[in-house]
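As C-alpha cells, the structure follows; a few thoughts come after it.
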Amino acid sequence: METSLGFFPGSQFTISTWLILSSLYFFPHVKADITCAPCVSPMQMYNGGNVHLRDPPDLGKNPRQDQKKPKMTTDLYPNIGVPDGSAVDDFPELERDANAEELNSRAPVENFTESALDEEFFSDEYMGSESEVNQVDAALRRVQRSVPEQPEFVESARRSGDARTEEQRKSTVLRLDRQSKRAEVRWNRDDDEEDGKVSDSRPDEPKLTSSTFALAGDSAHNHAVVYWSGKNSSVILILTKLYDFHLGSVTESTLWRSTDYGSTYERLNDKVGVKIVLSYLYVCPTNKRKIMVLTDPEFESSVLISSDEGASYQKYRLSFYVLSLLFHHTQEDWALAYSHDQKLYSSFDFGRKWQLVHERVTPNRFYWSVTGLDKELDLVHMEVHTPDGHCQYVTCRAQACSESSQTYPFPSYIETNSLVVQDEYMFVQVTTTGRASYYVSYQREPFVRIKIPKYSLPKDMHIVSTDQGQVFAAVQEWNQNDTYNLYISDTCGVYFTLALENIRMSRGLSGNSMIDLYEVAGIEGMLIANRKVENQVKTYITYNKGHDWRLLKAPTTDLAGNQIHCVLPFCSLHLQLQMSENPYLSGSIFTKSSAPGVIVATGNIGSELSYNNVAMYISSDAGNNWRQIFEEEHNIWFLDKGGALVAVKQPTVPTRHLWISFDEGRQWMRHSFSAMPLFVDGVLVEAGAENQIMTFFGHFSHRSEWQLIKIDYKSIFTKRCTEGDYQTWHLHNQGEPCIMGQKQIYMKRRPGNYCMVGWDSSRILSAEPCICRAHDFECDYGFERRGDGNCLPAFWFNPSSVSKSCIQGQNYINSTGYRKVVANNCTKGVKEMYTARKQQCPNRPPRGLVLTTHDEKLTANLGSNVTFLVRLEEGDSMRTNIQLDFGDGTAVSFSNLSWTQEGIRHMYRSAGIFKVSAMAENSLGFDVSLLYLHVTCPVEHIQLLAPYVVIKNKEVNLTAVVWPSHFRTLTYFWWLGNNTEPIITLDSSISYTFSTEGMITITVQVSSSDSILQDTKTIAVQEFFKSLLLSFSPNLDEANPDIPEWRQDVGRVIKKAVLQVADVPEEQLLVAVFPGIPTAAELFLLPPRNQSDGRKRSEENLEQISEILVSSLNQISVEFELKPSSRVIVYITQLTLAPLVDSIPRHSSSAMLMLLSVVFLGLAVFLIYKFKRKIPWINIYAEVNHEKEQEMISTVGQNDATPKIALSEFSTQKELMDKELEARAKRGVINTSESTREIPNCTSV
C-alpha cells in the first residue's frame, strides 16, 4: 500500500468542481472513526460522533459522478481501480510497489488506486454563488468507491496575485472567490519574470513540441471525463456532458476518441446512439482495451461495452442503477456493482449479465478476495445489515451466495462502516458500553483484539498504513482534542507501541480531519510529521520508523544568496504536509520512489509552522540539507523516471511557461508550452513508459472551449544516459550511514546531464547489513522508554504474565522489553541481548477469567439461544477445567478451554434474572467470573387492578397484572395523581395512602426490553361511602365482549337508569362493571362534595338513598335498553360488607369489648384452621382465595411450571360473592340486609 499520487498506473482522471466535491466529504461517513487508509496517500479522517473503521483504497472500485459542477472549476481524481501492481508500466511514477511509496495523512482515506485516471473539468459559465451550489450539492453526490472523496480544489481561483489568508493556505487547495471572474485572454507579467535561478532556454536548445486541440462544439458542456490508456496505446477517450442545474440531471453528452495521443479526435455519438445520454466511463484495470460506459439513468439504465478501446460498443440493459463498481484484480471479466438500494451484484462476463449477491450491503464495504490469502477467487467480503438493524461481517462466493453458503468470520455483530480488508489484514470495530474495541485478523487467522497501551482509551482511531509488514495507526486518546498519537504494531498487527505523541490534526473546509504525517517515498522507515509542542507546531523527521525524531535543519542561505541565521532547536525548517487530493496537482510536498532522497515541499523557516511567508524548498539527500528553489508556491512533478523536475506556478493566473531542472532544482530552464496563457486545470505527466508526453488541461478564458495541449518533451534531451552519466549516492542520517539496519548506496543521474534515463535510475547498488545497536530496537508492548533511553514496564503491565496459549512442557517467548523494528536488517551486535528469549511454560493457576455473551449484552429473549464466551488471560488452557453454571439448574463442564472457543450455547425456558457463573480450575488454583443475565419475553398486555373507591388516609393495594407473566425482569413506573415523579418498583404491586379527596388518576407503566406498555384508571378517594352489589338479567351476558371499553359504556347506562328512580346528584353515584361473565357491577354512593350539614347528616342521607335504591331494585324497577327489543333488568345482589366506611378514628366506650372480640375471633380462626376439613364451606373459600392470589400476584419462579391463566379465566367478583353466599346459606347466616363488618379496601378488579 502506498500513499503517493504515483500509485495510479493508468491515466484516466477527472477534474471536478471544488464547491461540489467538497460536499462529498459528508457522505456517507457519519460516526467518528477508525480510518483504514493505505499507506500510500494522505489520510483524511471524518469525525461524526462515533468511531468507525474507514475503508482503505478499494482496488478497482469506481463511483458514479453525475454532479452539478460549475464550469471551469476543477478537481482531479482517478476513476478506475487497480488491485495490485499489474498494468502499472503505463506511468513509471504511478507504479505501486517500485514507485511512489508515499504516505501522507493529508489526502483522503479512500486513496487513489485506479488503473486508469479520468479528469473531470468544468467551465465557470454556470458558476453561481457558493450558497447556490450548496443548495444542490446534496443531489449531486454519488457513492464513491475507490475514488477519493474530493475536498476543496478550484482549477483557477481567479484572483490576481497570490495573497491568501492563513486559513486559505491551510487548505490543500485554493478557495474560489466567487466575485472574481476569469480574465479574458491576457498576458501575465509575472509569468515573464525570472523566479530564482531561472534561465530562458538558449536559442540553440531544443524547443518543446506542443499541439492544441479544442473540443469544438462542446463549449456548453460543463463536465468532462478523459481517459488515456497509457503504455503501448495512443488512444484517448473524452466524455463531455452538459449538466442542467435546474433539472438536476445530464441532458447532453459527447464521446470523443483519439488514436494519436490527442492530436486529433473523432466524435462517437453515432456509434453509441445519437439520443443516448452517457454518464460515466469505466476501464478494466487488467485489460484496458475493455471499457464500460454507463448511460444516464434519467433516460435509461444501460451499459455500453467495448473490447477494442472504445472503437465499437454493444448495449445491454440493466435492472438497477450502478453507484459504484469493483473490478477483480486478476480476472478481467469479473466485477461487483453496488446499486442505489444497497444491493450488491456480480458479473462474470464484463457487465453483460448480473446476478444478485446480497440485498443489504453497507456502501463501500465489499471486497474481492486477495490472492494467496483467500481460497476462492470469487470470494467476496461484505459488511451486511441484519433485519434487526445490526451489522455482520459475511463472506460468500459471488457466483453462489445463498444464505446457507455464507460464513461469518467474526463471531458477533460489528460497528457500521467498520469492516476493512487491506493487504494481509482485516479490521472490525465493536462498541460496548460506549467504549470501542478493535479487532484484527492477520493472514485470515481468527480475529484477535488489538492491544493498545491500556489507558490510552482511544476515542478515535485510524489505520494509516499496512504496507511495510506492520500496521501504522493514528490514535486520538481520551485527553486529546486537536492532536493524535502515532502507534506502530508488530507483524501480526496486534500489539501496538507509541512512536510519536501529539501529531497535529486540522480540519479541511468540508469538515474532514487530517493528520500531518507523511511517509517519504523510496526510503523505508523515513517519516515526516508536524508535532504540537507547547502550543507550537514543529516539523520532525525520523529514519527508523519513529524510534528517533529530530527537527529539520534550515537552509544556510536564501534564494538570493543571503545568509540565514537559524539555530536549532530555537529555529528550524517547517513543512506543509498536505498532499493534493487532485492527483494532477502536486500538493505542498512531493516525493517519488524512482527519485530517492529528493523531497520537494512548501514551508517556512522559524520557530514554528506558519502559512505566511512560505517558499518552495528541496532536499537532495533525504532531508539532511535543504535549499530554497522558489519564492512562491509551485506545482512540481518528476519527469523521465525522476531524472528531471518540471514546475508550474499555482493555477491562480494563466501561464504559458513551465520550468525544467536537470540538477535537482539547482538550475531551472523556462520553456513555453502555449502561445497564449492558459488557466491550467491539471497536468498529466508521463502517460506512457515509451514516450515523453505530458498533457495540460485548461481554458484560455471562462467562455472558451476545453483546451488539451499535448507536449512532447523528448527534444529537450540530448541523448540516452550511459553508465558514465550516473553516480552513486549514499543514504545517511546526518552522517550516520546505517539506516534501518543497513548501508544503502543508490545509482542516480549526475546533476546537469541532459540525458534521458528511460529506466528506473533509483536502483540500490548495494545494501550492506549493519551491526545492531540500540536504535534498531523499539519498546515492546507494555514497556515505555524512559529518560535514559531504556524500556521499562508500564505501571499497568505485568511482564511476568504468560499467555493462556502457553501449555506446560512447551516454550514461550519472554520479552526483554524490546523488539526489533520491523524490516530492520541489522545483524549481530546487541541483537541477542535485546531479542526475546525462549522459556519453558510454567504450570500456573488460571487468572483473568472473563465470561461474556457473544454480543456483549446482558439481556436475552425467552426461547432464543444465548452464546456464552469464556476467555482466560493466564493459565494452561489445555490443562484447565471449565465449568459453566447457567443459573437455571443447568450446568456444563469442559476438560479444557479449547472446547469453548466457538462459544457455549444455552436456551432459557422461563423469564427471569439468572446468575451465570464460570469457573476455571486446575491443580494450582481456580478463578471465577460471574454475570447476571436478564431473560425476558415481550409484554403483550397489562391491566391495573385498583379499587374504584378508596378511603382517605388508609393504605390501598395497587396491582399490575402483565401477560405473559414475568419474574422480576420488569420495571414498573407508578404515576399517582398529580405527582411529578413516578414510584419505580420491580414488584408488580405497591401500597399507597391517598391524603386528599377527589377523583385521582393512576397510571402504571411496565418496561420490558425496548417496549413500554401502560394502563390507567381513575378512582375516587372519600372519607366514607356506601355501596351495593348489582346483578343483571342473563341477556346482558350475551352482549358482553368482556373488554374495558364495553364495561365503561355499560356502566354509564346503568348509572343513568339508577338516576331515573332516585333523586340523587349525579356526582354522588359511581358504577363499576366487573370483568368476566356473568356480568356484575358495584354501585357506589358517595357523600356530597360540600358536607355543609355535617358528617352525621351526610351519613343519614346516604342511608336514605341506599334504602330507596334497595327498594327500587327489589321491585325490579331499574332497567335499561341495551338495543331495540332487548331490555336488561338490574337486581340487587346484596349490600357490600362495609356500608359506611370511615377513616376517622373514634374513641368508644366499648373499646375493651372490641379487644375481647378480637381475641375470641383469633381463637375461632385457630379452631377453624385446626378442624377445617370438617367444615365444607371453608374449603371452598380457601380455593377462592388461592385463585384470587394468583390473579393479584401473577408471577412464577424461574423454574415454576404452573400454566399461565388468561385474564378471562379469573374468577369474577360476583362468582366469589356467590360462593360466599352459598357457604353462608349452608350455615343459615345469610342476610340480605346491610352488613356491619368493615373492610379497609373495597372491591377491586
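The values are calculated or read from the model by the stated rules, or taken from the named source; none is laboratory data. Keep in mind it's a predicted model, so treat the numbers as computed, not measured. Neighbour counts are summed over all protein chains in view; Cβ atoms, including those assigned to glycine, are modelled from backbone coordinates with ideal geometry. Remember, those area values only see protein heavy atoms, side chains included, never the ligands or the DNA or RNA. Shrake-Rupley method; radii C 1.70, N 1.55, O 1.52, S 1.80 Å.
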Scan of the stretch 809-828 for residues that are over 29 Å from residue 526 (Cα atoms) and in contact (Cβ under 8 Å) with a residue 40 or more places away in the chain, ordered by number
none
Can you pull out the residues in the stretch 486-517 that are open to solvent by less than 20 Å² (accessible area, probe 1.4 Å), out of contact with any Asp or Glu (no Cβ under 7 Å at 6 or more places or on another chain) and within 20 Å of residue 468 (Cα to Cα)?
486, 487, 488, 489, 493, 494, 496, 499, 500, 515, 516, 517
Kindly indicate whether any position in the stretch 695-715 is open to solvent by less than 30 Å² (accessible area, probe 1.4 Å), outside any strand (DSSP E or B) and of a type in the set (Asp, Glu).
no
Looking at the structure I just gave you, is residue 1031 under 30 Å from residue 913 (Cα atoms) and either at pLDDT below 90 or hydroxyl-bearing (Ser, Thr, Tyr) (or both)?
no
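Based on this model, can you work out whether residue 1032 counts as closer than 22 Å to residue 957 by Cβ and either surrounded by 13 or more Cβ atoms within 10 Å (Cβ to Cβ) or under 60 Å from the mean Cα position of the chain (by Cα) (or both)? It would help to see each step written out before you state the result.
Details: closer than 22 Å to residue 957 by Cβ: no; either surrounded by 13 or more Cβ atoms within 10 Å (Cβ to Cβ) or under 60 Å from the mean Cα position of the chain (by Cα) (or both): yes.
Considered against the rule, which asks whether it is closer than 22 Å to residue 957 by Cβ and either surrounded by 13 or more Cβ atoms within 10 Å (Cβ to Cβ) or under 60 Å from the mean Cα position of the chain (by Cα) (or both), residue 1032 comes out as no.
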Residue check for residue 518: in a loop (DSSP other than H, G, I, E, B), of a type in the set (Phe, Trp, Tyr) and at pLDDT below 95
no
In the stretch 395-429, anything free of Cβ contacts under 8 Å to residues at least 60 places away in the same chain, open to solvent by less than 50 Å² (accessible area, probe 1.4 Å) and assigned to a loop (DSSP other than H, G, I, E, B) is listed as 401, 406, 410
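Residues are listed down the side, and each one gets a yes or a no for (1) over 30 Å from residue 938 (Cβ atoms); (2) β-branched (Val, Ile, Thr); (3) in contact with an Asp or Glu (Cβ under 9 Å, 6 or more places away or on another chain):
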site	(1), (2), (3)
1023	yes, no, yes
1059	yes, no, yes
1077	no, yes, yes
1081	yes, no, no
1090	yes, no, no
1097	yes, no, no
1107	yes, no, no
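Just give me the residues in the stretch 526-564 being in a strand (DSSP E or B), among the charged types (D, E, K, R) and surrounded by fewer than 21 Cβ atoms within 10 Å (Cβ to Cβ), in sequence order. Break it down into steps so the answer makes sense when it comes.
Within the stretch 526-564, the first condition is being in a strand (DSSP E or B), and the residues that meet it are 527-533, 536-542, 550-552, 557, 563.
From the residues that got through so far, the ones that are among the charged types (D, E, K, R) too are 531-532, 538, 550.
Correct list: 532, 550.
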Qualifying positions in the stretch 439-456 - assigned to a strand (DSSP E or B) and open to solvent by 10 Å² or more (accessible area, probe 1.4 Å)
439, 442, 448, 449, 451
For the stretch 871-885, does any single residue satisfy the condition of being open to solvent by less than 10 Å² (accessible area, probe 1.4 Å), among the aliphatic types (A, V, I, L, M) and within 33 Å of the chain's Cα centre (by Cα)?
yes
What strands (runs of 3 or more DSSP E), lying completely within the stretch 308-375, carry at least 1 residues that are over 20 Å from residue 420 (Cβ atoms) and touching a strand residue (DSSP E or B) at 6+ places or on another chain (Cβ under 8 Å)?
314-317, 322-327, 335-339, 344-347, 355-358
All but one of (1) at pLDDT below 90; (2) among the β-branched types (Val, Ile, Thr); (3) open to solvent by 30 Å² or more (accessible area, probe 1.4 Å) hold for residue 993; which doesn't?
(1)
Inspect all residues belonging to the stretch 467-485 and state whether any of them is surrounded by fewer than 20 Cβ atoms within 10 Å (Cβ to Cβ), of a type outside the set (A, V, I, L, M, F, W, C) and under 20 Å from the mean Cα position of the chain (by Cα).
yes
Could you tell me which of the residues 628, 667 is over 25 Å from residue 708 (Cβ atoms), over 45 Å from the mean Cα position of the chain (by Cα) and open to solvent by 20 Å² or more (accessible area, probe 1.4 Å)?
667
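Would you point out the residue of the stretch 241-281, among those that are charged (D, E, K, R) and not in a strand (DSSP E or B), that is most open to solvent (accessible area, probe 1.4 Å)?
Within the stretch 241-281, the first condition is being charged (D, E, K, R), and the residues that meet it are 241, 244, 252, 257, 260, 266-267, 270-271, 275.
Going one step further and asking which of them are not in a strand (DSSP E or B), we end up with 260, 270-271, 275.
Numbers: 260: 49, 270: 131, 271: 107, 275: 188 Å².
So the residue we want is 275.
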Within the stretch 1058-1105, which residues are assigned to a loop (DSSP other than H, G, I, E, B), in contact (Cβ under 8 Å) with a residue 60 or more places away in the chain, open to solvent by 30 Å² or more (accessible area, probe 1.4 Å) and out of contact with any strand residue (DSSP E or B) (no Cβ under 9 Å at 6 or more places or on another chain)?
1077
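For the stretch 890-976, which strands (runs of 3 or more DSSP E) that fit wholly inside it have 2 or more residues that are touching a residue at least 60 places away in the same chain (Cβ under 8 Å)?
On the way: elements: 891-894, 904-907, 912-922, 925-936, 941-945, 949-951, 955-963, 971-976.
Fully inside the stretch 890-976 and qualifying: 912-922, 925-936, 941-945, 949-951, 955-963.
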Please count how many residues of the stretch 574-595 are within 15 Å of residue 518 (Cβ to Cβ) and either open to solvent by less than 10 Å² (accessible area, probe 1.4 Å) or outside any strand (DSSP E or B) (or both).
15
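So is residue 620 within 27 Å of residue 740 (Cα to Cα), among the hydroxyl-bearing types (Ser, Thr, Tyr) and surrounded by fewer than 24 Cβ atoms within 10 Å (Cβ to Cβ) or not? Quick ask: steps written out before the conclusion?
Numbers: within 27 Å of residue 740 (Cα to Cα): yes; among the hydroxyl-bearing types (Ser, Thr, Tyr): yes; surrounded by fewer than 24 Cβ atoms within 10 Å (Cβ to Cβ): yes.
Answer is yes for this residue.
Mind listing whichever residues of the stretch 457-492 are among the hydroxyl-bearing types (Ser, Thr, Tyr) and either outside any loop (DSSP other than H, G, I, E, B) or free of Cβ contacts under 8 Å to residues at least 12 places away in the same chain (or both)?
465, 483, 484, 487, 489
In this structure, is residue 1024 part of a loop (DSSP other than H, G, I, E, B) and surrounded by 18 or more Cβ atoms within 10 Å (Cβ to Cβ)? If you could, list the steps in order and put the result at the bottom.
Values: part of a loop (DSSP other than H, G, I, E, B): yes; surrounded by 18 or more Cβ atoms within 10 Å (Cβ to Cβ): yes.
So residue 1024 passes the test.
Can you tell me which residues in the stretch 901-911 are over 32 Å from the mean Cα position of the chain (by Cα) and over 10 Å from residue 887 (Cα atoms)?
Within the stretch 901-911, the first condition is being over 32 Å from the mean Cα position of the chain (by Cα), and the residues that meet it are 908-911.
Matches in the stretch 901-911: 909, 910, 911.
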Filter the stretch 371-394 down to the residues that are closer than 23 Å to residue 332 by Cβ and surrounded by fewer than 21 Cβ atoms within 10 Å (Cβ to Cβ) and list them by number.
371, 372, 373, 374, 375, 376, 377, 378, 379, 381
